[in-house]
1. Taking the criterion of being away from chain B (no Cβ under 12 Å), assigned to a helix (DSSP H, G or I) and among the hydroxyl-bearing types (S, T, Y), would at least one residue in segment A:180-198 satisfy it?
2. May I ask you to verify whether A:S305 is assigned to a helix (DSSP H, G or I), more than 30 Å from A:M391 (Cβ to Cβ) and under 20 Å from the mean Cα position of the chain (by Cα)?
3. Just give me the residues in segment B:53-75 being of a type in the set (A, V, I, L, M) and either touching a Ser or Thr at 6+ places or on another chain (Cβ under 7 Å) or at pLDDT 90 or above (or both), in sequence order.
4. Please go through segment B:93-131 and give me each residue that is at pLDDT 85 or above, part of a helix (DSSP H, G or I) and at the interface with chain A (Cβ under 7 Å from one of its Cβ atoms), ordered by number.
5. Between A:L262, A:L248, which is over 17 Å from the mean Cα position of the chain (by Cα), assigned to a helix (DSSP H, G or I), at pLDDT 90 or above and more than 8 Å from chain B (Cβ to nearest Cβ)?
6. Of all residues in segment A:108-122, which are closer than 16 Å to B:A97 by Cα, more than 8 Å from every other protein chain (Cβ to nearest Cβ) and among the hydroxyl-bearing types (S, T, Y)?
7. Go through (1) modelled with pLDDT of 90 or more; (2) farther than 23 Å from A:F469 by Cβ; (3) aliphatic (A, V, I, L, M) one by one and return the number of the condition A:V383 breaks.
8. Restricting to segment A:124-145, and then to whatever is more than 13 Å from B:E78 (Cα to Cα) and surrounded by 23 or more Cβ atoms within 10 Å (Cβ to Cβ), can you tell me which residue is nearest to the other protein chains (Cβ to nearest Cβ)?
Amino acid sequence: MSSIDTPADVPRPRAAATRPAPTTLTWVTLALMTTASVASLRAAPTMAVYGLACVFLYLVPAIVFLLPTALVSAELASGWNGGVYRWVSEGLSKPLGFLAVWCQFAMTIFYYPSLLGFVASTIAYIIDPALASSGPYTAIVIVVLYWTGVWVSSRGTKALAGLASWGLIIGTLIPGTLLVVLGMVFLGQGNPSAAPMDSSHLLPQWTGLASLVLIVNNFLSYSGMEMNAVHVSSLKDPAKEYPKSMFLAMGLVLLIFILPALAISWVVPADQLSLTAGVMQAFDAFFSYFGIGWLTPIAAVALISASLGGMLTWLAGPSKGLLEISRQEGYLPPFLQKLNKFGIQQNILVTQGVVTTVIALGYALIPNVSSVYWIFSVITTQVYLIVYLLMFAAAMRLRRTQPDHPRGYRAPALGVLCVVGLLASLAALCIGFVPSSQFGSGSVWSYVAIVGGGLVILGFVIPWAFLKFRKPSWKTAPATTPSEGEQA
Amino acid sequence: MSPTRFASEHKWVYWGAIVILVGLLITGLIRYSSVKRNNETLTKANQLQEELEKAGYPSPDTDTLERLLGTDGGQVCEDPGSALKTALWKIQQANGAAGPGMRPVITDTKAVEVERIVLQVYCPDELDDFEDSLDDLKTDDTVRR
C-alpha cells in the first residue's frame with residue numbers, strides 16, 4: 001500500500017481529502033506510456049546518417065544503460081510504490097529521495113520549449129514554412145500546446161494515458177512500420193542500400209573524442225524508462241504487471257529507434273539527408289523516392305501527435321513524484337501540494353507551467369536565449385544523470401538492507417546491473433563536460449564552468465534551499481515506512 | 001474499461017485532439033498538392049546536383065530535389081540565420097534520443113557542409129548569416145563512408 005492508499009478510518013489531512021480512488025491502468029497501457037515518453041521517429045533521420053553503425057549506437061547503450069535501468073526499476077517498482085523518490089528515500093535517505101525526484105522534475109522544464117519548438121516548426125512545415133522563423137508564432141504555439149497539456153494532465157491519469165497511447169500508435173508505431181515496410185520493398189526490388197550494410201560498417205567511424213561523445217551521449221537516448229514507475233499504483237497487480245510492462249516497453253523502444261533509422265539509411269544517402277535541414281525534409285526525401293510524397297504531411301501530423309503524447313507523460317510523471325514526497329516530508333509549501341477534484345497535483349503543474357512559459361517565451365522571442373538553448377539541454381541531461389546515480393545506489397543498498405522485503409520481481413545479478421548502470425551514468429556525466437559542436441572554438445574551461453555551474457545550481461542549490469527552508473507544518477500526509485503494507 | 005478507449009468523461013479531450021489533427025492533415029495535403037514543378041525547379045535541381053558532385057557528394061535524385069526545394073529552397077531558405085531556426089537546427093545536431101535525453105554531440109563535417117551548398121544555389125543572399133553559425137561549428141568525421 002502506498003501513501004495514496006491510506007485506509008478510510010485514518011484521519012486524513014485536508015489537502016488529501018479530495019483524492020479519488022486510484023485509476024486503473026493496464027500493463028500494456030503503461031508500457032505504451034513508457035515507450036511514448038522515450039521513443040519517437042523524430043530521431044530516425046539523425047541516426048540514419050550513421051547507416052549500419054546506428055545499430056551499434058543504439059545497442060551498446062541498450063546493454064549498458066537501458067537494460068540496467070529497466071530491470072532495476074522493475075525490481076524497485078515491484079517492491080515499493082511511488083517511483084524514484086520512494087526508492088531513493090527507502091534505500092538512501094529522504095533528502096536524497098527529494099533530490100532524485102527534484103532532478104527528474106527540474107530537467108523536464110527545459111525539455112518542453114525545444115520539444116514544442118520542434119512541434120511548432122512541424123506545424124509551420126504543414127501550413128506555411130515562413131512561420132518557422134517567426135518568434136511570436138512559435139511562442140504562441142508553445143504556450144497554447146503546453147497549457148493544453150497541463151489542462152489534459154489535470155484531468156487525471158486516464159485522460160493522458162489514452163492520449164499518450166494513441167499518440168504512440170498513430171504517431172510512431174504505424175508510420176514506423178510503414179517506413180520499415182517501404183525500406184524492405186526498396187531492397188526487395190533489387191536496389192542497393194544507400195548506406196553500406198557490410199560488416200566493416202557495423203562500427204561507427206573512430207575519430208577519438210568525437211566518437212566517444214557520440215557513443216556515450218547515446219546512453220541518454222533511453223533516459224526516462226523509469227519515469228512512469230510513479231504510476232505503478234494504478235496497475236491492478238503492480239508486482240507482476242510492472243516488470244511485464246517494462247519488458248514490452250524495452251522491446252518497443254529498441255525497435256522504434258533502430259528499424260526506422262535503418263530503413264531511411266537504405267533509401268536516402270547520408271549526405272542527402274543532411275541537405276534537408278530538418279526532420280520533415282528527411283521524411284519528404286524518403287517518401288518522394290517512392291512517388292508518395294503526399295505522405296509527408298501525414299507523417300508530419302503523426303510526428304506532432306507522438307510528440308504531444310510524449311509530452312503528456314512527462315507532464316504527469318515527475319510532478320506526481322514530487323508531490324508524493326513533498327506531502328509526506330513537507331518539502332514544498334502547502335499551496336503546491338493542493339490537489340484538484342481528479343486527485344492531480346494541479347498547483348505544481350500550474351507553477352511549473354508559469355516557469356516553463358517564461359522560459360519558452362524567452363526561447364521563442366529573445367535571440368540570445370534561442371541561440372544558446374542547446375546548452376540548457378546539456379545541463380538538464382547532466383542533472384537527470386543524478387537520478388540514475390541515486391537509483392542504482394539505492395537499489396544495491398535495498399538488496400542489502402531489506403533482502404526479505406517482498407518484491408514481485410527480482411532482477412538477476414542486481415549488483416552487476418547496478419555497477420554497470422552506475423558506470424554508464426558516470427561516463428555520460430563526465431562526457432557531458434566535453435564541448436559539443438555548437439560550442440565552436442570557445443574555451444573548454446568556460447564550457448565546463450557553464451555546465452558545471454548549471455548542474456550545481458539546478459541539481460543541488462535549489463533542492464537544498466527547499467530542504468533548508470521547509471517547515472514542519474508543510475507535512476500534509478503521513479510518511480510511509482518500509483513495513484507499511486507494500487504489495488508483494 | 002481500458003483507458004486507451006474513449007472514456008466518456010474525456011470525450012471532449014479526445015474529440016478536440018482528433019479535430020485539430022484532421023484539420024492539420026487536410027491543410028497539409030492541400031498545401032502539398034499546390035507545390036508545382038516547372039523548368040525553373042529542374043534547372044535549380046540540376047545546378048545543385050552539379051555543385052554537390054563537384055564537392056564530392058553522391059548525385060541526388062533531381063525529382064526529390066525539385067519536390068524538396070522548389071525554386072526558392074523552401075523551408076531550408078526561410079531565414080536560416082534567424083535565432084529560432086538556428087536554435088532548432090543546432091538542437092538537431094544531437095544524439096539519438098527523442099525524449100529529454102537529447103544532448104548535442106560533435107557533428108559530422110561532411111553532413112553539415114551540404115547545407116552550405118544548398119544555400120549557395122537556392123538562396124545565396126541568406127548565406128552570410130548562416131555561414132557565421134556554420135563556421136563556428138566544431139565538427140569531425142564521425143560517419144563511416
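1. No - not one qualifying residue is present in segment A:180-198.
2. On the way: assigned to a helix (DSSP H, G or I): yes; more than 30 Å from A:M391 (Cβ to Cβ): yes; under 20 Å from the mean Cα position of the chain (by Cα): yes.
Taking the combined requirement at face value, the residue satisfies it.
3. Our first condition is that a residue be of a type in the set (A, V, I, L, M); within segment B:53-75, this holds for B:55, B:65, B:68-69.
Of everything in segment B:53-75, just one residue is of a type in the set (A, V, I, L, M) and either touching a Ser or Thr at 6+ places or on another chain (Cβ under 7 Å) or at pLDDT 90 or above (or both), namely B:L68.
4. B:V118
5. Numbers: A:L248 fails: over 17 Å from the mean Cα position of the chain (by Cα).
So the residue among A:L262, A:L248 that is over 17 Å from the mean Cα position of the chain (by Cα), assigned to a helix (DSSP H, G or I), at pLDDT 90 or above and more than 8 Å from chain B (Cβ to nearest Cβ) is A:L262.
6. A:Y112
7. For A:V383, the exception is condition (2).
8. This residue is A:I126.
The values are calculated or read from the model by the stated rules, or taken from the named source; none is laboratory data. Computed from a predicted model, the values in this text were never measured in an experiment. All Cβ positions, even for glycine, are placed from backbone atoms using ideal geometry, and neighbour counts span all protein chains on display.
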